[in-house]
Amino acid sequence: MEPGLSPYAGRQARLRKKLGARDLPLQLVSNPSNIFYLTGFRGSAGMAVISPSEAVLWVDPRYTLQARSDARGVEVIEERGPILKAVARWLRKRNARRVAFEDSFTTVGQLRVLQREAREKVRFEPAREIIESLRCSKDPEEIGAIREASRVTAAAFKTVLPQVRPGIRESDLAAEIDYQMRLQGAEGPAFETIVASGARGALPHARPTGKLLEKSDLVIFDLGAILNGYASDMTRTVYLGKPPGRIRRLYNAVLEAQQTAVELLHEGQRCSEVDATARRVLERRGLGQYFTHSTGHGVGIDIHEKPRLVRTDETRLPVDCVVTVEPGVYLEGLGGIRLEDTVLVSAQGPEILTSAPMNDWCIS
Ligand code: ZN
Ligand code: ZN
């Protein structure tokens, strides 16, 4: 593929424009998710520099072949010594004066090495998550990958659902979900699959255990596939038996909060407003205190990325942003109910990518 035809050239161009607007000529990139975003290389180590006229990626010999085959629109340099020193040497040779670095990722120790090796000539300035902000709005290749990861996630859940009954272990269901996601083409789960039944469901991030599902349990399933480097995220809750009125009211409240918030996902909507809306639905039913986490988060290369649907995030949703909406209530001793979809904020409005039913939640 020619560099001009790959999405990476476009992403690098958008980054250069942002850097230019802040009068920063160069950006150092060491966060592997950002390196993947800008070059297509997926490794656990490496460093890239994006300059107005160049894009360079340093990797150690473990990754040379992979980088040469996967990276696009970037010169790959194999470095057998410390990569930070090689990058600093390169900056010195280019007479770089000001360089943006990833202040939310680079360690103090790494910055010291860079400063020492680059001598006083180079001033390192915090980039303040400039690349993470660019990643909020997905390009068509990314939307395609998240759509596929979401399809696999929903399909795996639907396949495993008939096995959900009293007497089966949480950990067996989690293993079955992971297996089904892989069979459908996933590289693996995007995070440790959650199956939490009964009172354990009150822990929003419970890990699956050997507990057997029991009659009258609420069971939370939180799962997501990773495919072509992109994640999806979905939660469903079911009840084993005929739910009493109280559980039914709780479930319907979470469902209404989820659907009301999803409907707000239009370009330009403030993240804080989406969060406030989901919260208001639950507060009106006296359940506000049981909704103990944020309403959602961006999904893409990382399972949790910008923007966050929280009270404090005043970001306006850009078009082609992908976020989750996942209100929940957690009652000690009773369990939890959470409903989550991965949703694309398209130009036409919200599009739910994780399509598995929410209305069919009672298993008798
Ligand atoms: Zn989730
Ligand atoms: Zn989530």
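No lab work stands behind these numbers, since they all come straight from the coordinates. All values reported here derive from a predicted model rather than from experimental measurement. Cβ: placed from backbone, ideal geometry, glycine included. Neighbour counts: every protein chain shown.
Of the GluC sites (Glu not before Pro) found in segment 41-123, the ones in coil according to DSSP and having at most 11 other Cβ atoms within 10 Å of their Cβ are E120. What whole number of Å gives the distance from the Cα centroid of segment 271-286 to the Cα centroid of segment 327-364? When both Cα centres are located, 15 Å separates them. The alpha-carbon of K158 sits under 26 angstrom from the alpha-carbons of these lysines, leaving out residues fewer than 8 places away in its chain: K211, K215, K242. Sort segment 239-360 into rounded, prolate or oblate with this rule: let a ≥ b ≥ c be the square roots of the eigenvalues of the Cα gyration tensor; rounded if a/c is under 1.5, and if a/c is not under 1.5, prolate when a/b is larger than b/c, oblate otherwise. In terms of gyration-tensor shape, prolate.
Using the Cα gyration tensor of segment 24-90, with a ≥ b ≥ c the square roots of its eigenvalues, what is the shape: rounded (a/c below 1.5), prolate (a/b larger than b/c) or oblate (neither)? Note, shape of segment 24-90 comes out oblate. Between H293 and R89, what's the calculated FRET efficiency when r is the beta-carbon distance and R0 is 51 Å? Round to 0.05. My answer for the efficiency is 0.65. Going by neighbour counts of Cβ atoms within 10 Å, the residues D178, D222 line up, fewest first, as D178, D222. Taking all Cα pairs closer than 8 Å and separated by 6 or more residues, the relative contact order of the chain comes to 14 percent. Rounded to 0.05, the FRET efficiency of the K158 and L203 pair, given R0 = 30 Å and the Cβ-Cβ distance, is 0.75. Comparing D60, D302, D341 in a Gaussian network model of the chain (Cα springs below 10 Å), the most mobile by mean-square fluctuation is D60. Note on the chain: GNM, Cα springs under 10 Å; of A155, A67, A175, the largest mean-square fluctuation is that of A175. Given axes a ≥ b ≥ c from the Cα gyration tensor, I'd like to know whether the chain is rounded (a/c under 1.5), prolate (a/b larger than b/c) or oblate. Prolate is the answer for the chain, as a/c is 1.5 or above and a/b outweighs b/c. Of the GluC sites (Glu not before Pro) found in segment 261-364, the ones in coil according to DSSP and having at most 16 other Cβ atoms within 10 Å of their Cβ are E267, E314, E332. Inter-label distance, A175 to K17: 5.0 nm, where each label sits 7 Å from its Cα along the C-beta direction. Extension gain for the segment K242 to S364, taken as residue separation times 0.36 nm less the Cα-Cα distance, is 43.3 nm to one decimal. When the chain is treated as a GNM with alpha-carbon contacts under 10 Å, the residue of S150, S137, S171 showing the greatest mean-square fluctuation is S171.
Look at where the Cα atoms of segment 8-37 and of segment 170-184 average out, and the two centres are 37 Å apart.
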